[in-house]
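Right, one structure below, let's go through it.
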Amino acid sequence: MGEIKKLGIMTGGGDCSGLNAVIRAVVTTAINKYGMECVGIQNCYRGLYLGESQMVPLTLDNVDEIIGDGGTILYNSNKDNLFKYPRRDKNGIVKGANGKPLYDNVSGVAVENVKKAGIDALVIIGGDGTLTSGRDYSRMGIKVMGVPKTIDNDLNSTDQTFGFDTAVNRNVDAVDCLKTTGKSHHRVMVLEVMGREAGHLALHTGIAGGADAIIIPEIPYDIVKIKDRVKKALLSKKQYSLVVVAEGAPSPEGKSVISIVQDTSPDGVKLGGIGGIISKALEAMLNSERDENGYAISDTIMDVECRSSALSHVQRGGDTSAADRVLCTRYGSAAVNLLVEGYDKHMVALRNNEMVPVPLEEVIPSSNMSSNFKPVDPNGSLVKMAKTMGICFGD
Ligand code: F6P
């Protein structure tokens, strides 16, 4: 492959903490080790479409102090798929006769803008949606190296995405707060965490936070079993209970809990609200069982109170954990090294604690993104261990 003199860097999809640490590692490696010029493309694919106005020089000075900063100095977008770009006019998004948005394929404009800017290769930092477009641009002749991010940790091709560790740490801080207030009031505290269709965030948060029950999409649950485990905790010495619920878990009746329907987002819907549903269901069930004094649990807990919290986007913000800073630095540095070694059309992955190249066609094998999806293994060692610790999954 020809020499890379000018490197473009962009961040896409939902943000997560650690994006800046990767940008820093890419720029520092590219400049210090290879004498490249670096350019940041702001707002991901929309930036590629708009061209020069969105391109900013990245120097050692302007990445020097960003290793721990949340967010991204290059901004993110998770809905600008240029292969299916919503058409707009003065009224907003143009809709067809069936009421659905009309789309155009404007990807060619992006390819032209990359060439016009003299960019020899792109480091694209993103999750499955962003990397799907990355794969498609590599098919159109652009040199691409992907870097896997997402707090959901649900990409099959890598052992761990960056951003996950920081999000788990943020959740565990919240769990520690919920436990002190829950204990003071002898309450049941339900924490809903993100993760889309995957339960990794909930599983790790629940184990690290000492939860009594964890509800995840990968393990069908019986709410009665969750209630029984919570009751056991209320009857125990600690007299309070903590339940962690993944946003992708269905309601006790088996329905997905959706907070937003968004036609123009690649996801189509946003999940959220299951925590409140579980909290109400548990409260009703726990209070429907009473002893001869009319007490639900004891003379200390005559009536059970459940409260739910959802951290929502708090999980994606704030300073990057130390472990993620190291992981991001490894990812960013390896991305540049691999490009120089000739690994175009690849993503850098963490496998068995080594940074290795994986072909983008393997990462995103078809137009069906779910094939790269990594759910929690319900029979895996982590779930088995959690059960040994007394954590109930409702199965
Ligand atoms: O994929 C990352 C993620 O944070 C999910 O956990 C969550 O469901 C989704 O993004 C939220 O997306 P948005 O920022 O568009 O609300």
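Longer than 26 Å from Cα to Cα, which of Lys280/Lys384; Lys116/Lys149; Lys149/Lys227; Lys84/Lys143 are they? Say none if no pair is.
Numbers: Lys280/Lys384 28 Å; Lys116/Lys149 28 Å; Lys149/Lys227 35 Å; Lys84/Lys143 21 Å.
Where the Cα-Cα span goes over 26 Å, the pairs concerned are Lys280/Lys384; Lys116/Lys149; Lys149/Lys227.
Roughly how many percent of the accessible protein surface of the chain is carbon and sulfur, given a 1.4 Å probe and a whole-percent answer?
Values: 8370 of 16930 Å².
Ligands and nucleic acids excluded, carbon and sulfur reach 49 percent.
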Can you tell me which aspartates and glutamates have their Cα less than 15 Å from the Cα of Lys255? Leave out same-chain residues fewer than eight positions away. Glu197, Glu218, Asp222, Glu247
Let a ≥ b ≥ c be the square roots of the eigenvalues of the Cα gyration tensor of the range 65-113; is it rounded (a/c under 1.5), or, if not, prolate (a/b larger than b/c) or oblate? prolate
What is the mean projected area of the alpha carbon convex hull for the range 53-180, to one decimal in square nanometres? 12.7
Two pseudo-spin positions, 7 Å from Cα along C-beta at Asp395 and at Glu289, lie apart in nanometres by 2.3
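Taking 8 Å as the Cα distance limit and 6 or more residues as the minimum spacing, I'd like the relative contact order of the chain as a percentage.
On the way: 880 pairs, mean separation 83.8, N = 395.
After rounding, I find 21 percent.
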Points 7 angstrom from Cα along the Cβ direction at Ala97 and Met302: gap in nanometres? 6.7
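Please work out the FRET efficiency for the pair Thr59 and Val261, using the Cβ-Cβ distance as r and a Förster radius of 51 Å; give the result to the nearest 0.05.
Working: r = 42 Å, r/R0 = 0.83.
So the FRET efficiency works out to roughly 0.75.
Whole number in Å², please: accessible area per residue of the chain, 1.4 Å probe, ligands, DNA and RNA not counted. Let's see the in-between values first.
Working: 16930 Å² over 395 residues.
Ligands and nucleic acids excluded, the result is 43 Å² per residue.
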Those residues of the range 305-342 whose amide nitrogen sits under 12 Å from the label point placed on Cys177, 7 Å along Cα→Cβ: 309-312, 314-315
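Nearest 5 is fine: what % of DSSP beta bridges in the range 1-101 come out antiparallel, could you say? Kindly include the intermediate steps, with their values, before the conclusion.
Details: 7 of 11 bridges.
Within the range 1-101, antiparallel bridges account for around 65 percent of the total.
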May I ask you to list the GluC sites (Glu not before Pro) in the range 36-102 that are in a DSSP loop and have at most 15 other Cβ atoms within 10 Å of their Cβ? Glu65
Rounded Å value of the spacing that divides the Cα centres of the range 23-67 and the range 120-150: 15
P(r) tail fraction, the range 177-309 - alpha-carbon pairs more than 19 Å apart, %: 48
Reachable aspartates and glutamates, given that their alpha-carbon falls under 18 Å from the alpha-carbon of Lys179 and they are not under 8 places away in the same chain: Glu192, Asp212, Glu283, Glu305
If you bin every alpha carbon distance in the range 210-259 into 10 Å steps from zero, what whole percent lands in each bin? 26, 49, 22, 3
Please give, to one decimal in nm, the separation of the simple spin-label points placed at Lys33 and Ser236, each 7 Å out from Cα toward the Cβ. 4.7
For the range 299-395, state which GluC sites (Glu not before Pro) are in a DSSP loop and have at most 14 other beta carbons lying within 10 Å of their beta carbon. Glu341
I'd like the Karplus ³J(HN,Hα) series for the range 225-241: coefficients 6.51, -1.76, 1.60, θ = phi - 60°, whole numbers in Hz, and an x wherever there's a Gly or Pro. 5, 5, 4, 4, 5, 5, 4, 4, 5, 5, 7, 7, 4, 6, 6, 8, 8
Explain nothing, just the number: relative contact order of the range 328-395, from Cα pairs under 8 Å at least 6 residues apart, as a whole percent. 18
Sum up the charges of everything whose Cβ sits under 10 Å from the Cβ of Asn78, counting Lys and Arg as +1 and Asp and Glu as -1, but leave Asn78 out. -2
Where the Cα pairs of the chain fall when distances are cut into 20 Å bins, in %: 27, 49, 21, 3, 0
Which angle from 0 to 90°, rounded to the nearest 10, does the C-alpha axis of helix 274-287 make with the longest principal axis of the chain? 10
When DSSP assigns beta bridges and you keep just the ones with both residues in the chain, what percent turn out antiparallel, to the nearest 5? 35
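Just to confirm a number: summing +1 for Lys and Arg and -1 for Asp and Glu over residues other than Ile216 whose beta-carbon lies under 15 angstrom from that of Ile216, what do you get?
Numbers: positive: Arg196, Lys225, Arg229, Lys374, Lys384, Lys387; negative: Asp152, Asp154, Glu192, Glu197, Asp212, Glu218, Asp222, Glu247, Asp377, Asp395.
Net of charged neighbours comes to -4.
The values are calculated or read from the model by the stated rules, or taken from the named source; none is laboratory data. Keep in mind it's a predicted model, so treat the numbers as computed, not measured. We place every Cβ from the backbone using ideal geometry, glycine too, and count neighbours over all the protein chains shown. Quick note on the areas: whole protein, heavy atoms, side chains included, nothing else; ligands and nucleic acids left out. Shrake-Rupley method; radii C 1.70, N 1.55, O 1.52, S 1.80 Å.
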